1. Which residues, taken from region 45-79, are in a loop (DSSP other than H, G, I, E, B) and within 20 Å of residue 248 (Cβ to Cβ)?
2. Mind checking which pairs have a first residue in region 158-183 that is in contact (Cβ under 8 Å) with a residue 12 or more places away in the chain and a second that is surrounded by 22 or more Cβ atoms within 10 Å (Cβ to Cβ) and assigned to a loop (DSSP other than H, G, I, E, B), Cβ under 6 Å, 6 or more apart or different chains?
3. Tell me whether region 27-44 contains one or more residues that are more than 30 Å from residue 153 (Cα to Cα), part of a loop (DSSP other than H, G, I, E, B), touching a helix residue (DSSP H, G or I) at 6+ places or on another chain (Cβ under 6 Å) and at pLDDT 50 or above.
4. Given the structure, is residue 149 surrounded by fewer than 17 Cβ atoms within 10 Å (Cβ to Cβ) and under 19 Å from residue 89 (Cβ atoms)?
5. Within region 111-120, does at least one residue satisfy the condition of being at positive phi, touching a residue at least 24 places away in the same chain (Cβ under 8 Å) and assigned to a loop (DSSP other than H, G, I, E, B)?
6. Scan (1) assigned to a helix (DSSP H, G or I); (2) under 28 Å from residue 234 (Cα atoms) for the single condition residue 146 breaks and write down its number.
7. Filter region 200-216 for residues that are in contact with a helix residue (DSSP H, G or I) (Cβ under 9 Å, 6 or more places away or on another chain) and either surrounded by fewer than 22 Cβ atoms within 10 Å (Cβ to Cβ) or farther than 21 Å from residue 103 by Cβ (or both) and give the result.
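The values are calculated or read from the model by the stated rules, or taken from the named source; none is laboratory data. Quick caveat: nothing in here was measured; it's all calculated off a predicted structure. Here the Cβ is made from the backbone with ideal geometry for all residues, glycine too, and neighbour counts use every protein chain on show.
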C-alpha cells in the first residue's frame, strides 16, 4: 500500500525527546547519499549471531507483523506514517544511547553494515567522506530530530496540512534509520545479547521493516544492498520472511 498520492491533516503526537546537540553538517544532510562499493573484496566470514538460533527467533511479538502495521480505520495515512516514524526514531535513539559507549571512533572508525559495506556521508562540498560510526549516527539523529521539530514538515497544529514533499522526505528518513539499525546489528549485536535485549531489538526492527515495506518507504536494494556489497541485515530480512514473521 502506498501513501504517495494523498496529503493528510495535522497530527498530535507524544512529547518530543530531549534535543540532541547540533552538528556542523546536519543542516546540509544529503537526501540521496549513496553506498559506494568497498575497494576490498568480501572475505568468508562466520554466520552472524543474529542469524543463529535461538537469537533469530527471539521476539516480544509472535506471528506476522502485518496486522500490527495496518492503518487503523478512520486514521489519515499521513498521520499514521508520521506517528510511526516518530516512534521508530524515539525507540532506536534510546537503543543507541544504551550502546553508545560501545560505539566509539576507535571501535567503529567507519559506518559499517557488512563485510564490504561502509556507508559514507556527503559533506558540504558534496563529496563522499568516511565518518566514524558515532559521528555518522549523531548527524543522522540530529537531522531527523530537526525535521520532527519542524512544524512545516511534521505538523502538530490543528488545521495544518502535510506538505506535498512529505512522502519523499520520510523515505529519506527511513533509509537513514535503516542504516543505523544495520550498523547496530552488524557491529554491536554481541552487546545487545549481553544486555539480553535481543527480543526487544528484533521486534523493533521487524516492526520497522514490516511498516517500511507495507507503505513503500523502503526499497529492496536498501535492505539487501548490492550483490557484491550486501547489507548484513538483508539476510535477516530473508530469514524472517521464511519464518513467516514478515510478508513474502
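1. Within region 45-79, 59, 61, 62, 63, 64, 65, 70 meet the criteria.
2. Partner pairs satisfying both residue conditions: 171/217; 174/217; 182/231.
3. No, every residue in region 27-44 fails to be more than 30 Å from residue 153 (Cα to Cα), part of a loop (DSSP other than H, G, I, E, B), touching a helix residue (DSSP H, G or I) at 6+ places or on another chain (Cβ under 6 Å) and at pLDDT 50 or above.
4. In short, yes.
5. No; the residues of region 111-120 include none that is at positive phi, touching a residue at least 24 places away in the same chain (Cβ under 8 Å) and assigned to a loop (DSSP other than H, G, I, E, B).
6. So the condition that residue 146 fails would be (2).
7. Answer for region 200-216, where residues must be in contact with a helix residue (DSSP H, G or I) (Cβ under 9 Å, 6 or more places away or on another chain) and either surrounded by fewer than 22 Cβ atoms within 10 Å (Cβ to Cβ) or farther than 21 Å from residue 103 by Cβ (or both): 200, 204, 206, 207, 209, 210, 211, 212, 213, 214, 215, 216.
The rows are residues; the columns are (1) at pLDDT below 90; (2) loosely packed, with under 14 Cβ neighbours inside 10 Å.
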residue: 22; (1), (2): yes, yes
residue: 47; (1), (2): yes, yes
residue: 50; (1), (2): no, no
residue: 54; (1), (2): no, yes
residue: 85; (1), (2): no, no
residue: 95; (1), (2): no, no
residue: 102; (1), (2): no, no
